[in-house]
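Working notes, structure below.
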Amino acid sequence: MKFAHFSHVWNKPGMTAAQRYEQLWRELATCDELGFDFGFTVEHHFNPNESWMPSPSIYCTGAAARTRRMRHGPMGFVAPLYDPLRIAEDAAVLDNILNGRLELGLVAGIVPDFFGPYRADFKNRRALTHEALRFVKRALASEAAFNFDGPVHQYQDVTLSVKPLQKPHPPLWVHSRDPDTLAFLAQEGAHTGYLFLVPRATKLRRAIVNTFDYGARRVTRGSRILVTGCSSTWTRLTTKQSRKPRAILVIASPKFSARGPMAASVTSVSRKTLSSGTILAERRSPETRSTSITCSNAIWRLSDRRKP
């Protein structure tokens with residue numbers, strides 16, 4: 001299992017955006033020292049009461065200056081909001097700034113409010129994201145001028161002034177649980193993932209785990225699946241899927257607490273002052289069939305209640 005710091009860059013009362021970014025960059029520096037593998041962030045727009053991250057590439061540049069080993073990346077660019085050429089050029093520069101440590105994520109977007117001010121096509125967002133992935137692969141892997149003939153975007157005789165350090169291109173991600181998209185990602189050799197917010201309801205948990213199982217079978221061998229979530233689904237996913245021939249990244253998400261339907265499965269042992277649920281350590285107990293994951297805001301004990 002690999003670990004990552006994943007942030008939605010939630011706003012915090014009494015802090016400016018500058019103070020919030022510095023706080024998260026300090027967390028990333030600590031994660032780098034502790035041996036974390038990845039640092040990811042979202043792209044969200046037009047809601048100051050939620051996320052303060054409309055520009056993930058700039059956030060990753062700040063992360064690059066404060067870490068030496070961790071790999072960083074947007075998770076991801078909301079592809080339909082961009083001309084794909086803009087994504088490719090930003091990615092090439094960012095991979096150089098990170099000295100070859102870029103993980104490039106794209107998403108189709110799920111919030112219509114992001115699309116209106118950009119006059120972007122929400123209805124066809126999935127097809128636009130597929131096209132953007134194909135274009136970015138072509139653009140970043142081309143050593144000379146290239147052409148691209150897509151259903152929406154066409155380019156002739158384009159040469160990128162900056163080439164990525166990673167060859168043929170940085171690792172590519174598209175978050176999705178859509179079966180057709182997962183099949184497409186398998187063909188393209190891209191990684192995938194999804195967000196799980198799961199109460200202890202057994203039927204719901206089983207349905208989501210089965211969806212994950214189905215998605216895992218559609219992804220090509222060697223691809224990574226990024227799982228962001230909480231509650232007992234963590235243990236189900238990590239114990240069940242870790243036997244498969246692919247790496248799975250389990251990431252602690254911020255703003256979770258031991259309240260409501262999850263209270264029975266979350267035991268707060270100690271609290272710290274860091275701002276998000278960064279995993280600091282993991283401990284597996286065969287006797288109690290549970291996993292204790294030490295986060296920056298609590299220790300969460302996740303019970304695996306399957307029969308032996």
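Computed values, structure above
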{"quantity": "Test for SER142: is it in the same structural domain as PHE40 (by TED's automatic domain parsing), surrounded by fewer than 16 Cβ atoms within 10 Å (Cβ to Cβ) and either of a type in the set (Ser, Thr, Tyr) or closer than 14 Å to GLU89 by Cβ (or both)", "calculated": "no"}
{"quantity": "Hits in region 10-25 - residues which are modelled with pLDDT of 95 or more and either not assigned by TED's automatic domain parsing to the domain that holds ARG68 or not small (Gly, Ala, Ser) (or both)", "calculated": "MET15, THR16, GLN19, ARG20, TYR21, GLU22, GLN23, LEU24, TRP25"}
{"quantity": "Candidates GLY62, GLY116, GLY76 - the one that is within 20 Å of ALA127 (Cα to Cα) and in contact (Cβ under 8 Å) with a residue 24 or more places away in the chain", "calculated": "GLY76"}
{"quantity": "Strands (runs of 3 or more DSSP E) completely within region 134-200 that count 2 or more residues being over 14 Å from VAL107 (Cβ atoms)", "calculated": "146-149, 154-158"}
{"quantity": "Residue that is surrounded by the most Cβ atoms within 10 Å (Cβ to Cβ), among those in region 96-110 that are part of a loop (DSSP other than H, G, I, E, B) and in contact (Cβ under 8 Å) with a residue 40 or more places away in the chain", "calculated": "GLU103"}
{"quantity": "Tabulated pairs, region 26-45, first at negative phi and assigned by TED's automatic domain parsing to the domain that holds THR61, second of a type in the set (D, E, K, R) and surrounded by 24 or more Cβ atoms within 10 Å (Cβ to Cβ), C-beta under 8 angstrom, 6+ apart or interchain", "calculated": "PHE38/GLU103; PHE40/GLU103"}
{"quantity": "Filter result for the condition that a residue is under 17 Å from the mean Cα position of the chain (by Cα), modelled with pLDDT of 95 or more and over 28 Å from GLN156 (Cα atoms), over ILE58, ILE110", "calculated": "ILE58"}
{"quantity": "Candidates VAL136, VAL158 - the one that is assigned by TED's automatic domain parsing to the domain that holds ALA29, touching a helix residue (DSSP H, G or I) at 6+ places or on another chain (Cβ under 8 Å) and surrounded by fewer than 19 Cβ atoms within 10 Å (Cβ to Cβ)", "calculated": "VAL158"}
{"quantity": "Among the residues listed as GLY73, GLY116, the single one being surrounded by fewer than 20 Cβ atoms within 10 Å (Cβ to Cβ), at pLDDT 95 or above and not polar (S, T, N, Q)", "calculated": "GLY116"}
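The values are calculated or read from the model by the stated rules, or taken from the named source; none is laboratory data. It should be emphasised that the depicted structure is a prediction, and the values quoted were computed from it without experimental measurement. With ideal geometry, Cβ positions are generated from the backbone for all residues, glycine too; neighbour counts draw on all protein chains shown.
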